[in-house]
Amino acid sequence: MIAPVIFPTITMGQRAGLLVGGLAVAGVLICAVRWCLRQSPQTQRRLLIGLLIIIGVLQLSLAVFFIDAGEADSFIVKNQAVALAGHLTTHWNSYFQVYSNNNNLVLLETAILTVCNWVHLSSPWVLLNILRFLWLDTALWAGLSILKTWHRTALRPLLAGMWLLTIPLYCFGLFMYSDPLVVPVPIVSLALWQLSRQRTGWQRYGLDALLVGELSFGVLIKPNMIVIMIAFFGLLGYGWLKQKVTLKTMLILGLACVLALGGGTLVTRTAAKQAGYQSDPNVALPFTSWIAMSWNPATNGEYNFQDAYQERLMPTKQQKAHRAKQLIQKRVSRLGATGVVKHLVKKSDAFLSTGTFCSFLLTNQWQKAPHWFLVSRDAINARLTVASQVFYIGLLIVALFFFTTPARFWENGFLSLSLLGLMSFHIIFWEVEPRYALPLLPLFLLWGALGAQQVPVSAGSHHWALPRWALPAATAVCLVLFGLGLSRFQSTSHLRIVSEQANGKYYNDSRYPLRPGHSVSSRIRVTVPSSAVVLQLTKRSRTRVAVRLYRNGQLIAHKTGLAIHCERLHYHRVANGLFRVKVTNIGHHYLSAGVAHSAFAINQYPITGHKHIYLRYHVMLRKTERY
């Protein structure tokens, strides 16, 4: 059976099925590069232009028709930026005192939204989606530029075609957070370095300034990008040893990076302070807490909110650091030598094995999305997950061929150091998530295009050669086997979420108080069939409540009793419609309902009488789903 799986939790049968599909994809890529090499330069150029146009049209369509509402960290960052840009408040959520690494992202988004307000752009989200896609496309430009510099122009259509088929790039293009902003940093840095070496005078100085700015921007937005800057220092040092870079160039660019990063840090801290931010060392998590999180065997070293919450309970910076140090020692000693090795393997699996980079788990709430997508979201996500994983495995297979021949491009050492740096940082030291590997995806695509060419070259260097039909035939067999595996769906009877407003619970559990005799109501637009609505009322309250649910003006469900027993309202399956839920406190004590305070419109319907407060809920459907 081949079905969407959460890595590294995967059976050997699923691994085998995905590997067969990956071999098929590798075969297709090898056949594609053989075809490209037989075409004339004019045909290759036309094909490249056609693929770039298709990519642009597809990205523009997604940017216009899909708007992410944000969730967890991304919602808090987006909400803070909207509030600051709209001059609604100068108060910063205490979240940013704990997770100060997102402060610079808030400042960047605030600056863009302020410009949008100046030009009276009431809904800037489409523009932000377009800008995000354009920023991601700089990585594609960089890959094409590197292939040209390395005299591999015939491979540029293949790189563009693989970019077109890489699904996570579209998902992260809609994701308003720091991850898509650092995707181009490694590969664009190399492209700018190559171009600057080909120029002289002011053109070289300008390109060097862009290069230093790119590296510094990456670190300021996401601190783990410091490993990319260190890799660049390695490039400079290696180039000097091989007499490809002068000592003057190495010292000037190295010093420029340090000064730019230091100056950028000073400027952003000053800007945050002027915007109302106040740091508190006793609230911030020490770096050792992240290391302790990374050595939690129960989570395979991934981020764990409970770990962070327990750390936040410590009142002072010293106590936080002491607890984290003890936790590291305790976890490492419990693992032992064998356990440490197994833990690192699991972290490696989590970091590099997920072809979606968890993109479908990060974007679940939409301010705007087409009806056809909302109706079949689970089925679409399931199939795209399998397709992403299979393509990713095929990409890694052909990328490995690039490293089977002697190194031809000394500058590729920078990309290899970037890969090793990010892997070491997250697998050995820091907590790990699949999305942290996203900056490596353009590198895999570049290496995949180069590696696919290496297969025919390697085969041709032997005294024997495979028949021309052998590779297409083997690819066809793999596709058939993969198709047979994919046809074995998994059927599960479950209650699944078809619509939700889940913001307001992560970090700050926002509540709306209800005095005795008072009520709160909200409308909910449901565009798909459903059979239950789940609210978030006070768990420990002994207060009695009356909850009524209406659909298109007709009562379809109601409950009266203790709040804890009235959170879930079941009803016969109904089609889409406009729902209205009303909660009345009929007891003698205060009651609270879960809400989200938002400076922007999460959806069409805030709580009645409150412009910026949105009820938390899950709309469910019980059915047997095949995926």
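The figures follow:
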{"read-out": "Options Ile380, Ile393; residue that is in the same structural domain as Gly21 (by the TED database), free of Cβ contacts under 8 Å to residues at least 24 places away in the same chain and surrounded by fewer than 22 Cβ atoms within 10 Å (Cβ to Cβ)", "value": "Ile380"}
{"read-out": "Residue that is farther than 16 Å from Leu164 by Cβ, surrounded by fewer than 18 Cβ atoms within 10 Å (Cβ to Cβ), at pLDDT 90 or above and of a type in the set (Phe, Trp, Tyr), where the choices are Phe75, Phe65", "value": "Phe65"}
{"read-out": "In segment 504-523, the residues that are modelled with pLDDT of 90 or more and either within 22 Å of the chain's Cα centre (by Cα) or open to solvent by less than 30 Å² (accessible area, probe 1.4 Å) (or both)", "value": "Val520, Ser521, Ser522"}
{"read-out": "Matching residues in segment 36-57 - criterion: being assigned to a helix (DSSP H, G or I) and modelled with pLDDT under 90", "value": "Cys36, Leu37, Arg38"}
{"read-out": "Residues (in a strand (DSSP E or B) and under 29 Å from the mean Cα position of the chain (by Cα)) located in segment 534-551", "value": "Val534, Leu535"}
{"read-out": "Single match in Gly594, Gly587 (criterion: assigned to a loop (DSSP other than H, G, I, E, B) and either more than 21 Å from Ala502 (Cβ to Cβ) or open to solvent by less than 10 Å² (accessible area, probe 1.4 Å) (or both))", "value": "Gly587"}
{"read-out": "When residues of segment 572-584 are limited to those that are open to solvent by less than 50 Å² (accessible area, probe 1.4 Å) and of a type outside the set (Ser, Thr, Tyr), the one farthest from the chain's Cα centre (by Cα)", "value": "Val583"}
{"read-out": "In segment 106-123, residue most open to solvent (accessible area, probe 1.4 Å) [restricted to those that are more than 16 Å from Gly173 (Cβ to Cβ) and under 21 Å from the mean Cα position of the chain (by Cα)]", "value": "Leu108"}
{"read-out": "Tally of residues being aromatic (Phe, Trp, Tyr) and in contact (Cβ under 8 Å) with a residue 24 or more places away in the chain across segment 306-354", "value": "1"}
{"read-out": "Any hit, segment 80-95, residues being touching a Lys or Arg at 6+ places or on another chain (Cβ under 9 Å) and either touching a residue at least 60 places away in the same chain (Cβ under 8 Å) or not charged (D, E, K, R) (or both)", "value": "no"}
{"read-out": "Leading residue by the ranking (modelled with the highest pLDDT) among those in segment 196-207 that are within 17 Å of Ile146 (Cβ to Cβ) and surrounded by fewer than 20 Cβ atoms within 10 Å (Cβ to Cβ)", "value": "Leu207"}
{"read-out": "Residue in segment 345-354 that is of a type in the set (D, E, K, R), open to solvent by 90 Å² or more (accessible area, probe 1.4 Å) and over 28 Å from Pro168 (Cα atoms) present", "value": "no"}
{"read-out": "In segment 151-173, the residues that are open to solvent by 10 Å² or more (accessible area, probe 1.4 Å) and not in a helix (DSSP H, G or I)", "value": "His151, Arg152"}
{"read-out": "Any hit, segment 552-571, residues being at positive phi, of a type outside the set (A, V, I, L, M, F, W, C) and open to solvent by less than 20 Å² (accessible area, probe 1.4 Å)", "value": "yes"}
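The values are calculated or read from the model by the stated rules, or taken from the named source; none is laboratory data. All values reported here derive from a predicted model rather than from experimental measurement. FYI the Cβ positions are ideal-geometry reconstructions off the backbone, even for glycines, and counts take in every protein chain you see. Only protein heavy atoms, including side chains, enter the accessible area calculation; ligands, DNA and RNA are left aside. Shrake-Rupley method; radii C 1.70, N 1.55, O 1.52, S 1.80 Å.
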